[in-house]
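**Q** Questions regarding the structure given below will be posed in turn.
The values are calculated or read from the model by the stated rules, or taken from the named source; none is laboratory data. Keep in mind it's a predicted model, so treat the numbers as computed, not measured. Neighbour counts run over all protein chains shown; Cβ positions are idealised from the backbone, glycine included. For accessibility, only protein heavy atoms count, side chains too; no ligands or nucleic acids. Shrake-Rupley method; radii C 1.70, N 1.55, O 1.52, S 1.80 Å.
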Amino acid sequence: MSFYQRVAPAVMTDLLMSDFQIGAAALGNFSAFYFYSYVAMQVPTGMLADHWGPRRLLTAGALLAAVGTIFFAMANTVHLANIGRLLIGGSVAVAWVTLMKLATHWFPPRMFAFVTGIGLLVGVTGAVTAGAPLRLLADVLGWREVMGILGLCCLAVGTAIWLIVRDDPTERGYVSYIPVPGSTSGKPSGMLRGLSRIFRYRNTLLLTVAQGGMVGTVLAFGGLWGVPFLETRYALSSMAAAVLNSSIMIVWALSGPLLGFFSDKLGTRKGLYVSASCIALACWSFALMMPTLPLSLFIITAMIGAGACGVVIVGFAFAKESVPSQLSGTASGVCNMGAMSGPMLLQLAAGWLLDRHWQGEMLHGARIYDVFAYQMAFVPMIVWLTFTAGLALLTRETYCRPPQETP
């Protein structure tokens, strides 16, 4: 549900721009409203996951997501739609961090990267559903009706979470990998001390920024601007562009558990992370910036670049292992905050640059941008990926083990 909500605007850009009478900058801001609250909630989510447990957070998040989705579906102005997106982003923000927290308790440490990779794969299934299938349904039923149905689905998910999910295996009679005493309930002062402590560990800040380049590039492209770019550059239909865009997201999803599995087996994080970040930089630079690139070469390089970005799964494990285990939820929240800052800032930057290079062309009430405008809009992605590769080189290897108390 979280991934579906995140990338849904990508295949509805023309519908949203026409319905709300907005340009690229306003559309980028509209999409980024999801990320404003999502990013803001990451640190509180990590702290609460450590102290209150995932089950309550996940249930409340799903129910609030239902409210936000239905509100968005009923919005008749872009300002009300922004509020709906803000509610959605803040509510689904609890999903990824609590998933990692649950994985820490329910699975052995050697499987963490692989298990969270499977989580990414399931999440991107939602993103793929928000590709060609969403466009088809939006054309038949209308985008508001589709989002309203999704709101009802969120209600069902929230109910299922409350009935099925448990914070620790001991609540189901199994042995836990990190036993916790029943319901965790820490004091706010303890949470704040935990937050300050994780920045004593070198990798926390480095990976927080580095992850933003990887996730930001994939989600700024696949989550918003990829479909209209492909329509413009290669004269593809909306459906064909949505299918190709979804295929890039699928490669990203499939590479996550694969790279996580290899990293777990090799017992190392840094080497794989550095290599993948350099490959991502090279491939995305070639795919997005090379003039007159044939469609076949674009597909190959973009998919390799997206596959390399799947190393974010290794990055989450890397960050978790860089702090003591009792701070894993907080560290995961901070790291995910950095990861989601990437699409938030890059979608905004791309929209602003598109409007700066707009030549005045309109079609059915929506602005039309040329290939050069898109290439200029994608420059910040390449710049951030360059920083990602550099920061990866500065990280300290964890060998898939958490540190001792002294960093």
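**Q** Determine whether the range 64-75 contains at least one residue that is in contact with a helix residue (DSSP H, G or I) (Cβ under 7 Å, 6 or more places away or on another chain) and outside any helix (DSSP H, G or I).
**A** yes
**Q** Can you give me the number of residues within the range 350-386 that are in contact (Cβ under 8 Å) with a residue 60 or more places away in the chain and more than 18 Å from Arg233 (Cβ to Cβ)?
**A** 7
**Q** Pairs only if they're at least six apart or on different chains, beta carbon under 7 angstrom, first in the range 283-295 and in contact (Cβ under 8 Å) with a residue 40 or more places away in the chain, second open to solvent by less than 20 Å² (accessible area, probe 1.4 Å); list them, first residue then second.
**A** Pairs that qualify, where the first residue is in contact (Cβ under 8 Å) with a residue 40 or more places away in the chain and the partner is open to solvent by less than 20 Å² (accessible area, probe 1.4 Å), are Trp284/Thr217; Trp284/Gly305; Trp284/Met381; Trp284/Leu385; Leu288/Phe378.
**Q** Step by step: first the residues of the range 1-10, then only those that are open to solvent by less than 10 Å² (accessible area, probe 1.4 Å) and in contact with a Gly (Cβ under 7 Å, 6 or more places away or on another chain), then the one that is nearest to Tyr38 (Cα to Cα). Which residue is that?
**A** Filtering first and then ranking leaves Arg6.
**Q** Inspect the range 375-390 for any residue being out of contact with any His (no Cβ under 9 Å at 6 or more places or on another chain), open to solvent by less than 40 Å² (accessible area, probe 1.4 Å) and within 25 Å of Lys265 (Cβ to Cβ) and give the result as yes or no.
**A** yes
**Q** On to the next question. Please go through (1) open to solvent by less than 20 Å² (accessible area, probe 1.4 Å); (2) at pLDDT below 85 for Ser189 and return the number of the only condition it doesn't satisfy.
**A** All conditions are met except number (1).
**Q** Which condition breaks for Lys265 when tested against (1) touching a residue at least 12 places away in the same chain (Cβ under 8 Å); (2) on the phi < 0 side of the Ramachandran plot?
**A** Lys265 satisfies all of (1) touching a residue at least 12 places away in the same chain (Cβ under 8 Å); (2) on the phi < 0 side of the Ramachandran plot except (1).
To keep it simple, each residue is scored yes or no on (1) more than 21 Å from Gly390 (Cβ to Cβ); (2) of a type in the set (D, E, K, R); (3) open to solvent by 10 Å² or more (accessible area, probe 1.4 Å); (4) part of a helix (DSSP H, G or I).
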site: Thr268; (1), (2), (3), (4): no, no, yes, no
site: Leu281; (1), (2), (3), (4): no, no, yes, yes
site: Gly315; (1), (2), (3), (4): no, no, no, yes
site: Gln326; (1), (2), (3), (4): yes, no, yes, yes
